[in-house]
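The values are calculated or read from the model by the stated rules, or taken from the named source; none is laboratory data. All of these numbers come straight from a predicted model, not from anything done at the bench. Quick reminder, even Gly has a Cβ in these numbers, built from the backbone with ideal geometry, and neighbours come from all protein chains shown.
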Ligand code: ATP
């Protein structure tokens, strides 16, 4: 039997996302609280076929459109394996298969999560035993969200999001996750934020104390009130159809409504799966009245673990 490693890896959401003024290196400083939620991609790694000289990538979508996911060496998962190979000084030739359930370009860090999974998976496939801290450093080189996708749970992110420290969080939360049929480019959303802010100075980003207190106490109402996202105005400016949905979310029984990361996925904080169903029905009614087509929502739980090896066959 061919050797194979399987890794499941979650979507991330940002409970708060504070964005500071753009830095000279082009990045925006962030102060964020991440939460990993129960929507998972699966990354399957096998040694490359004999004679193959490249990392190969195939992608399938399980309920998500994967047209825009690159099936070549630019895929973030392939870049992760290459970087690990450079780190250990040997070419790691693998075939990668990504089974995607995390919407693409949805503000849920699907690509970053695949990269975290590929780092872990390649490490396991080639029995490299790379120390965790080294994997985290490689993850930070790959992208701002990748270190969090390795650890999961609930955590604070600083720097450009890559400096992760875990946060005390009590209880579990349910989210109605409403994908948008068309993704938004993260770069375009940051550019729109800069355009909207032009002439006004942004304060250094902060995580709201009330959010951390609500998480410590497991207080869903307090959490709902403290949810925040500095990128939301830019995402709504580029995708105006998000506005009525967010308004409806704050008017129905959801505890809070939020744009996920750079959008356009929207999130509604709920008490239970049943409550999420009710919120979904209320939103569908609003979407119908506004002539909007709502993609089928997903009910997800958080916090969950980060990227995790689920099967190893040798
Ligand atoms: P983030 O929240 O980290 O900004 P996102 O969730 O908005 O990201 P992704 O799903 O990670 O967006 O994809 C953004 C783009 O990255 C895609 O449009 C695609 O071109 C490219 N990409 C590269 N590798 C992957 C991957 N493994 N999965 C999805 N997209 C990928």
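Helices (runs of 4 or more DSSP H) fully within segment 180-286 that include at least 1 residues being over 29 Å from residue 164 (Cα atoms): 232-238, 242-251.
Touching a residue at least 24 places away in the same chain (Cβ under 8 Å), assigned to a loop (DSSP other than H, G, I, E, B), near the ligand (Cβ under 9 Å from one of its atoms) and over 16 Å from residue 309 (Cα atoms): does that describe residue 54?
On the way: touching a residue at least 24 places away in the same chain (Cβ under 8 Å): yes; assigned to a loop (DSSP other than H, G, I, E, B): yes; near the ligand (Cβ under 9 Å from one of its atoms): no; over 16 Å from residue 309 (Cα atoms): yes.
Here the answer is no, as residue 54 does not meet what is asked.
Taking the criterion of being surrounded by fewer than 19 Cβ atoms within 10 Å (Cβ to Cβ) and at pLDDT 95 or above, the only residue of segment 173-185 that qualifies is 185. Restricting attention to segment 163-191, the residues being within 12 Å of the ligand (Cβ to nearest atom) and farther than 27 Å from residue 219 by Cα number 10.
Here's a check for you: in segment 57-66, which residue that is assigned to a loop (DSSP other than H, G, I, E, B) and either within 9 Å of the ligand (Cβ to nearest atom) or in contact with a strand residue (DSSP E or B) (Cβ under 8 Å, 6 or more places away or on another chain) (or both) is farthest from residue 93 (Cα to Cα)? So the residue we want is 64.
The number of residues in segment 73-110 that are touching a residue at least 40 places away in the same chain (Cβ under 8 Å) and over 18 Å from residue 136 (Cβ atoms) comes to 18.
Only one of these is more than 9 Å from the ligand (Cβ to nearest atom), under 21 Å from residue 37 (Cα atoms) and not in a loop (DSSP other than H, G, I, E, B): 122, 77, 136. Name it.
Values: 122 fails: under 21 Å from residue 37 (Cα atoms); 77 fails: more than 9 Å from the ligand (Cβ to nearest atom).
After applying the criteria, what remains is 136.
Within segment 17-29, is there a residue that is assigned to a loop (DSSP other than H, G, I, E, B) and within 14 Å of the ligand (Cβ to nearest atom)? Outline the logic, then answer.
Taking segment 17-29 first, the residues assigned to a loop (DSSP other than H, G, I, E, B) are 20-29.
Imposing the further condition that a residue be within 14 Å of the ligand (Cβ to nearest atom) reduces the set to 27-28.
Yes, there is a match, as at least one residue in segment 17-29 is assigned to a loop (DSSP other than H, G, I, E, B) and within 14 Å of the ligand (Cβ to nearest atom).
Condition test on residue 169, is it outside any strand (DSSP E or B) and crowded, with 17+ Cβ neighbours inside 10 Å?
Working: outside any strand (DSSP E or B): yes; crowded, with 17+ Cβ neighbours inside 10 Å: yes.
For residue 169, the condition - outside any strand (DSSP E or B) and crowded, with 17+ Cβ neighbours inside 10 Å - is met.
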